[in-house]
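Q: Pasting a structure here, questions to come.
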Amino acid sequence: MTKGRHVTLQKEEGHAAREAPVINRFSRRASVCAESYNPDEEDDDTETRVIHPKTDDQRNRLQEACKDILLFKNVDQEQMSQVLDAMFEKLVKCGEHLIDQGDDGDNFYVIDRGTYDICVKSDGVGRCVGAYDNHGSFGELALMYNTPRAATIIATSVGAIWGLDRATFRRIIVRNNARKRRMYENFIESLPFLKSLEFSERLKVVDVIGTKIYGDGEQIIAQGDGAESFFIVESGEVRITMKRKQSKSDAEVKEAVEIARYSRGQYFGELALVTNKPRAASAYAVGNVKCLAMDVQAFERLLGPCMEIMKRNIANYEEQLVALFGTNMDITDPSA
Ligand code: 1OR
Ligand code: 1OR
């Protein structure tokens, strides 16, 4: 074991363990808890660097797979190249269990290709609670909080994933998260729509968000697309536009109308995640914009307690829709 390691994040451990009831949890955890360390300590250089050599094709595919991974968004270039060096490819068979709920965490995974079910067992009953479709990542929770695996991940097609070992993940991502907490804790505390969360849950929100930057006029969300993320404006302004048919007789002509503007502290992109429908409107940057983004799995896992507030706001959209378009069309059907 390297110098300077000691147990931290105990608050999260207790909480996350509650979310993942698993037999034998305590006997299995002993080995890993002792490994927990203070993410603030500057002992990078004493660690052995993990390097898995890759072909050009592998490196290109890896870079493509990692480019939208939110946990990597706030990592600097030098550390990101260490992450890419350390990642290894694993080919996956249909039906293979990549993670089993209750196990200790060994690796974090980024999807290269393939589909994967997320299954959670509680009170002895297992159910599928979500899925990944050719992109995304999983396996961060056990490594971040030193908890047993919170879900089982099963391949539902052949595929390939990129693994990142626990030690490298903790050295780079966990330490980076400590910095992220310092940067965003006050901002997250100030957001009214997160007030229903406990303090420790708001910190977990900070752990999973990634900063995304957009230039003037750049599209953030496209109406009709499938939805993968939820956004909070950190700085700048975001314009929301909606296309509606101009008349029923001319189905092809659609006019984009500005329906809302959002600035620091406001959120958008929740509707499609709540309704499981395509994006109801488009979003564009006005000037330079910084958003904090959260993926759909984290949104579902962490923001349940905030749903009341969000649903109330969605009810307001319905009223505005009537005022703006003079019709009671279903906003959850963007093709209308
Ligand atoms: P892990 O290290 O615990 C299982 O190993 C992984 O499944 C976990 O990290 C996450 O990356 C991923 N609850 C718990 N884990 C989830 C969930 C989830 N979704 C993905 N993972 N959800 C709540 C279920 C009650 C969200 C379902 C959409
Ligand atoms: P989304 O995931 O559908 C587009 O992606 C986002 O635009 C949407 O979530 C909301 O966060 C945001 N109707 C539908 N979506 C709206 C509306 C809206 N306003 C903001 N969004 N309105 C009714 C339509 C005229 C409200 C107008 C004030």
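Any read-out appearing in this document is the output of simple, stated calculations on the displayed coordinates, not a laboratory observation. Given the structure is predicted, the values throughout are model-derived calculations rather than measurements.
Q: Does segment 98-137 come out rounded, prolate or oblate, given a ≥ b ≥ c as the square roots of the eigenvalues of its C-alpha gyration tensor, rounded meaning a/c under 1.5 and, failing that, prolate meaning a/b above b/c?
A: Note, shape of segment 98-137 comes out oblate.
Q: Just to check I understand the Karplus step: with θ = phi - 60° and J = 6.51 cos²θ - 1.76 cosθ + 1.60, what whole-Hz values come out for segment 61-76, glycine and proline as x?
A: These are the phi-based 3J(HN,Hα) values: 5, 5, 4, 5, 5, 8, 5, 10, 6, 5, 5, 8, 5, 9, 8, 6 Hz.
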